[in-house]
Amino acid sequence: MKRRLARLFALGAIAVVTSAHVGSPDTYFEGAAGPYPIRVIIRNPGVVPGLAQITVRLLDPATERRVLVLPVYWDPRTAAPPPADVAERVPGDSTLYSAALWLMRGGAYSVQVTVEGASGTGTALVPVMAVATRRLALQKPLGIGLLGLGAFLFIGALTIVRAAVRESELAPGQQPDRRRSVRAWIATTASAIVLALALVGGRAWWNTVDAAYRSGLYQPLHATATVRATAGGTVLHFAIDDTSWTNRRQWTPLIPDHGHLMHLFLVRNEQLDGFAHLHPLPRDSTTFEANLPPLPAGTYRVYADIVHESGFAQTLVATAEIGSPAPAWHPSDADDAWLLGNGNGETGNVARLADGSTMTWERADTPIVVDQAAPLRFAVRTADGKPAALELYMGMAAHAMITRDDGTVFVHLHPEGTISVAAQETFVLRQPGDTIRGALRKRLAAMDMGRWDKGEVRPGAVSFPYAFPKPGRYRLWVQVKRNGRILTGVFDAAVSPER
Ligand SMILES: [Cu+2]
């Protein structure tokens, strides 16, 4: 019954609003399921429980394959997951498979994508944050229709009661006497009162359910950013001051994501010409501090990416007022970087990087369309035009930060997609016994020593699986590392509405 009700609530809930990233609700993933390279898109339902749509693209020519998908909730204490669903091949496209996934509770899920084929079986884990971000409105025609049906049932029930008491025991053709008529009138009135009370009770029940759902709508933890001058320079102070965090009841502790507990981004309001990617150091469990680079004075949008031990990744949002630019900058973390300046406009494909190399956005001449999944590809070339050798920057071949000019979208992604690598790791490493807070975090911390600089990067090119969530003007910052130096390219994009 409960499940049925849940289904009922989620009906028609396929559109999207927001998620752990800001304004960019869908999950994009590119990686390998064993021997099979895949690209996965999971469209968030925006309601919990809700039905998420998943598409899996096989990136090498397909022979006969089977694709299975299964969402697994992070908490091992919840019921065992059901058997996996077989994704159906999308008609007309031999490498695209799709399925629908029920996300029944709010929180972190890992979607297991399994590919079976001639080279064996492989599985990829794609973390997905199930959050309720919207309340579905009752459509007017549906409301009127239901009201009509309800009235029909109400009057119908009274008519049946009246007829049953008044004339059910009469022979055909016989007229009810006065006594029967009076009894029928009393029975009908009593029934009307009982039914009306049931309706009032039903309304109260519905309002309680609705209020509970509203209070469960996702809001990132509240945070405050302040800037203050110290002897050593200007310091950005970032505090997670949400009572649900400071009470420690509802959240698992933070874990580092690609080497840092927090990835914080500053974007200058309106102009978007000042940008910084910092990694504030924790002072305690609620406050973080970073030395501020010499950004120009102004109001800045602050976005802070954090990941909880549960695998739940979220972006906290704040604003910061920066007064006069910092006189000198001593980075509090070696991975911190910043950049001043605008790109070359919406048609400028080439960004000149600080070391003389160039970064080219290899985009088609056709306009970028909203929600159209097309990987963003960038080529990095040395000053003399050769593919540039790249190094890992915090474990990643590249980082891309994408924002809409009004700040309603902010997303931080990698060639692996929009997923948090730390969230993925929690799902790989979690054991059924990990029910004590902090146990998994300890194991992760022990693994984390210095491993983010090891690995190979394909020289000269990076790509990010993504689709812009709504039309408008966007700015992109793409970061790579060469010869120990962090390089940032800036690009602009105009995204047109669906045709
Ligand atoms: Cu990154």
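The values are calculated or read from the model by the stated rules, or taken from the named source; none is laboratory data. As the structure is a computational prediction, the values presented were derived from the model and not from experiment. Reconstructed Cβ throughout: ideal geometry from the backbone, glycine too, with neighbour counts over all protein chains shown. Ligands, DNA and RNA are stripped out before the accessible areas are found, and what is left, the full protein with its side chains, is counted by its heavy atoms. Shrake-Rupley method; radii C 1.70, N 1.55, O 1.52, S 1.80 Å.
So here's what we get for this one:
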read-out: Lone qualifier among Leu353, Leu316, Leu340 - being closer than 30 Å to Ala439 by Cβ and in contact (Cβ under 8 Å) with a residue 24 or more places away in the chain; value: Leu316
read-out: Unmet requirement for Ala334, which otherwise passes all of (1) open to solvent by less than 30 Å² (accessible area, probe 1.4 Å); (2) within 16 Å of the ligand (Cβ to nearest atom); value: (1)
read-out: Identity of the residue in the range 289-324, surrounded by fewer than 16 Cβ atoms within 10 Å (Cβ to Cβ) and not small (Gly, Ala, Ser), that ends up nearest to the chain's Cα centre (by Cα); value: Thr319
read-out: Failed item in (1) within 16 Å of the ligand (Cβ to nearest atom); (2) part of a loop (DSSP other than H, G, I, E, B); (3) of a type outside the set (Gly, Ala, Ser); (4) in contact with a Leu (Cβ under 8 Å, 6 or more places away or on another chain), with Arg363 passing the rest; value: (1)
read-out: So Gln424, is it within 15 Å of the chain's Cα centre (by Cα), at pLDDT below 90 and more than 13 Å from the ligand (Cβ to nearest atom); value: yes
read-out: When residues of the range 44-95 are limited to those that are hydroxyl-bearing (Ser, Thr, Tyr) and within 20 Å of Ala33 (Cα to Cα), the one farthest from the chain's Cα centre (by Cα); value: Thr63
read-out: Criterion (open to solvent by less than 80 Å² (accessible area, probe 1.4 Å), at pLDDT below 90 and not in a helix (DSSP H, G or I)) met by exactly one of Leu70, Leu136, Leu125; value: Leu136
read-out: Filtered residues of the range 377-393 (kept if open to solvent by less than 10 Å² (accessible area, probe 1.4 Å) and within 16 Å of the ligand (Cβ to nearest atom)); value: Phe378, Tyr393
read-out: The one condition in (1) crowded, with 21+ Cβ neighbours inside 10 Å; (2) polar (S, T, N, Q); (3) over 19 Å from His21 (Cα atoms) that Thr418 fails to fulfil; value: (3)
read-out: Residues being at pLDDT 90 or above and either of a type in the set (Ser, Thr, Tyr) or outside the structural domain of His414 (by TED's automatic domain parsing) (or both) - total across the range 311-355; value: 2
read-out: Test set (1) within 15 Å of the ligand (Cβ to nearest atom); (2) in contact with an Asp or Glu (Cβ under 9 Å, 6 or more places away or on another chain) - Gly298 fails condition number; value: (1)
read-out: Scan of the range 369-411 for residues that are small (Gly, Ala, Ser) and in contact with a Gly (Cβ under 9 Å, 6 or more places away or on another chain), ordered by number; value: Ala379, Ala383, Ala388, Ala389, Gly395, Ala397, Gly407
read-out: Residue check, Gly417 within 15 Å of the ligand (Cβ to nearest atom) and in the same structural domain as Ser310 (by TED's automatic domain parsing); value: yes
read-out: Whichever residue in the range 403-414 is of a type outside the set (Phe, Trp, Tyr) and away from the ligand (no atom under 12 Å from the Cβ) and, among such residues, is surrounded by the fewest Cβ atoms within 10 Å (Cβ to Cβ); value: Asp406
read-out: Verdict on Gly341 being more than 22 Å from the chain's Cα centre (by Cα) and either open to solvent by 20 Å² or more (accessible area, probe 1.4 Å) or charged (D, E, K, R) (or both); value: yes
read-out: Some residue of the range 257-264 being away from the ligand (no atom under 15 Å from the Cβ), among the small types (Gly, Ala, Ser) and in the same structural domain as Leu295 (by TED's automatic domain parsing); value: no
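Yes or no, residue by residue, for (1) open to solvent by 60 Å² or more (accessible area, probe 1.4 Å); (2) outside any helix (DSSP H, G or I); (3) of a type outside the set (S, T, N, Q); (4) modelled with pLDDT under 90:
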site: Ala187; (1), (2), (3), (4): no, no, yes, no
site: Ala196; (1), (2), (3), (4): no, no, yes, no
site: Ala204; (1), (2), (3), (4): no, no, yes, no
site: Thr208; (1), (2), (3), (4): yes, no, no, no
site: Leu217; (1), (2), (3), (4): no, yes, yes, yes
site: Pro220; (1), (2), (3), (4): no, yes, yes, yes
site: Leu236; (1), (2), (3), (4): no, yes, yes, no
site: Trp245; (1), (2), (3), (4): no, no, yes, yes
